[in-house]
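Visitor: Before we start, here is the structure in question, set down as structure tokens.
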Amino acid sequence: MIKLLPRYLYRQTALGIVLAALVITALIFVVNLVELSRSLDAQPGIAASQILYLTVLRMPAMIAQTLPFMVLFGVMWAMFRLNRRSELVAMRAASMSAWQFALPALLIAFALGVLGTTVLNPAAARLETRFEKEQVRLLDAAKPDKEPTQNTMWFREASSDGIVVIRAGHAVPRTAQLYDLTFYYYTRKPDGTPVILHRLDAEKAVLKPGFWQVYNARDLFLAQPPKTYDTLALPTTIAPSALLQDTSGADNVSIYALPETIKNARKAGFDTRPYRIQLHKLLALPLTMAAMALIGAAFSFNFVRLGGALRLALIAGGAGFALYFSTDLLETLGANKVLPPVLAVWAAPVFVFFAGLARITILEDG
């Protein structure tokens, strides 16, 4: 019988997390569907099925953001169900400790955190990029007589000689076309001071994977005659998706692409802190999930007959939201160079994790 109890706890905890995930996912789906419907329904030619498709594309990214709360409320739900039916009392009488009650929730949450980092994050990043592209395509199709353009855009990347700064007068994101361009090529002195080498003016450029296809270009060298080109291919590491709003942010980069992104950003002279914070955030996700599970378990052990179950549930929920907002605050401080990225990301989940361990220790040992 003793061996069956841990297996039963695993099943009940997993069931609680699944039920909480279904409820939260349904709420997210409805909210996103309503939001997209309000913003796109006014556009002619966009069908309800297309809005539904956009909502589905965005769901993985939203689920990834709420994954810790699914664990928190799922563990609380499972523990309160066991508590209400006096099963925790029976297990306690069978010599099970508070640590054995918390272990299934801890291990399941940690495993979900690993899956969230290694599987859900890359999928969410790809689908979020597809969502942005599909949204632009639908808006363009709804207004075929008018190409949506963006005003002046700036890019910067590393080159073989130093840094390239690119200015475009305006752009058509859907077709990755830029007009009225200027490419500024810089090198750096030993003290880090940038020195311009030459510049290239172009009438038009199309951003393709791995290179710019430039048209009607004029290359201006210092103390040398200018050169003109009808067409010219220039290597680049900028992805066409960078022309789409919000697709180049650190939150939408897969964990597998983050190390290379950080390397390229550092080489180009960009601030790498947002990408480093995102990398640490994904690496810390299993610990964050485990901390949420400990909170949910530690404040759900109070037996129903002792009273105060609602108060403890509110404390657990409040602690979970406090972890979320404190993490967000610390990450903001890290992005603003107040805290180092490691401390900004890891401090809150580590503190809450050990606070949960302390709570369970008090429950077990008094």
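The values are calculated or read from the model by the stated rules, or taken from the named source; none is laboratory data. Quick caveat: nothing in here was measured; it's all calculated off a predicted structure. So basically every Cβ, Gly included, is an ideal-geometry build from the backbone, and we count neighbours across all protein chains shown.
Visitor: Of all the residues that make up the stretch 6-44, how many are buried (at least 17 other Cβ atoms within 10 Å of the Cβ) and more than 12 Å from Ala105 (Cα to Cα)? Outline the logic, then answer.
Guide: Let us first name the residues in the stretch 6-44 that are buried (at least 17 other Cβ atoms within 10 Å of the Cβ), namely 9, 12-13, 16-17, 20-21, 24, 28-29, 32-33, 36, 40.
Those left that are additionally more than 12 Å from Ala105 (Cα to Cα): 20-21, 24, 28-29, 32-33, 36, 40.
Summing the residues that are buried (at least 17 other Cβ atoms within 10 Å of the Cβ) and more than 12 Å from Ala105 (Cα to Cα) in the stretch 6-44 gives 9.
Visitor: Okay, moving on. State the number of residues belonging to the stretch 63-101 that are under 30 Å from Ala124 (Cα atoms) and in contact (Cβ under 8 Å) with a residue 40 or more places away in the chain. Walk me through it before giving the result.
Guide: Here is the first cut: in the stretch 63-101, the ones under 30 Å from Ala124 (Cα atoms) are 63-78.
With in contact (Cβ under 8 Å) with a residue 40 or more places away in the chain added as a condition, the list becomes 63-64, 66-78.
Residues meeting the conditions: 15.
Visitor: Now for a different question. Can you list residue pairs whose Cβ atoms sit under 7 Å apart, with the first residue in the stretch 187-214 being at positive phi and the second being loosely packed, with under 12 Cβ neighbours inside 10 Å and at pLDDT 85 or above? Count only pairs 6 or more apart in sequence or on different chains.
Guide: Gly210/Pro235
Visitor: State whether one or more residues within the stretch 332-347 are within 25 Å of Asn83 (Cβ to Cβ), at pLDDT 90 or above and either within 16 Å of the chain's Cα centre (by Cα) or hydrophobic (A, V, I, L, M, F, W, C) (or both).
Guide: Initially, the stretch 332-347 is screened for residues within 25 Å of Asn83 (Cβ to Cβ), giving none.
Within the stretch 332-347, not a single residue is within 25 Å of Asn83 (Cβ to Cβ), at pLDDT 90 or above and either within 16 Å of the chain's Cα centre (by Cα) or hydrophobic (A, V, I, L, M, F, W, C) (or both).
Visitor: Using beta carbons and a limit of 9 Å, which pairs, at least six apart or on different chains, have the first residue in the stretch 29-49 and at positive phi and the second one surrounded by 11 or more Cβ atoms within 10 Å (Cβ to Cβ) and at pLDDT below 85?
Guide: Listed pairs, sorted by first residue: Gly45/Leu138; Gly45/Ala141; Gly45/Ala142; Gly45/Lys143.
Visitor: Go through the stretch 164-181 and report how many residues are farther than 11 Å from Met153 by Cα and modelled with pLDDT of 85 or more.
Guide: Adding up the residues that qualify gives 1.
Visitor: Ok, one more. Residues in the stretch 10-19: is at least one more than 18 Å from Pro286 (Cα to Cα), out of contact with any Asp or Glu (no Cβ under 9 Å at 6 or more places or on another chain), aliphatic (A, V, I, L, M) and part of a helix (DSSP H, G or I)?
Guide: Looking through the stretch 10-19, at least one residue is more than 18 Å from Pro286 (Cα to Cα), out of contact with any Asp or Glu (no Cβ under 9 Å at 6 or more places or on another chain), aliphatic (A, V, I, L, M) and part of a helix (DSSP H, G or I).
Visitor: Looking only at residues that are polar (S, T, N, Q), in a helix (DSSP H, G or I) and over 26 Å from Val119 (Cα atoms) in the stretch 24-49, which one is modelled with the lowest pLDDT?
Guide: Residues of the stretch 24-49 polar (S, T, N, Q): 25, 32, 37, 39, 43, 49.
If we keep only those that are in a helix (DSSP H, G or I) as well, we get 25, 32, 37, 39, 49.
From the residues that got through so far, the ones that are over 26 Å from Val119 (Cα atoms) too are 37, 39, 49.
Details: Ser37: 84, Ser39: 73, Ser49: 83.
Taking the candidates together, the pick is Ser39.
Visitor: Say we look at the stretch 245-301 and pick out the residues that are β-branched (Val, Ile, Thr) and outside any helix (DSSP H, G or I); which of these is modelled with the highest pLDDT?
Guide: Filtering the stretch 245-301 for residues β-branched (Val, Ile, Thr) gives 247, 253, 255, 261-262, 272, 277, 288, 295.
Cutting the leftovers down to outside any helix (DSSP H, G or I) gives us 247, 253, 255, 272.
Working: Thr247: 41, Val253: 81, Ile255: 91, Thr272: 82.
Of everything passing the filter in the stretch 245-301, Ile255 is modelled with the highest pLDDT.
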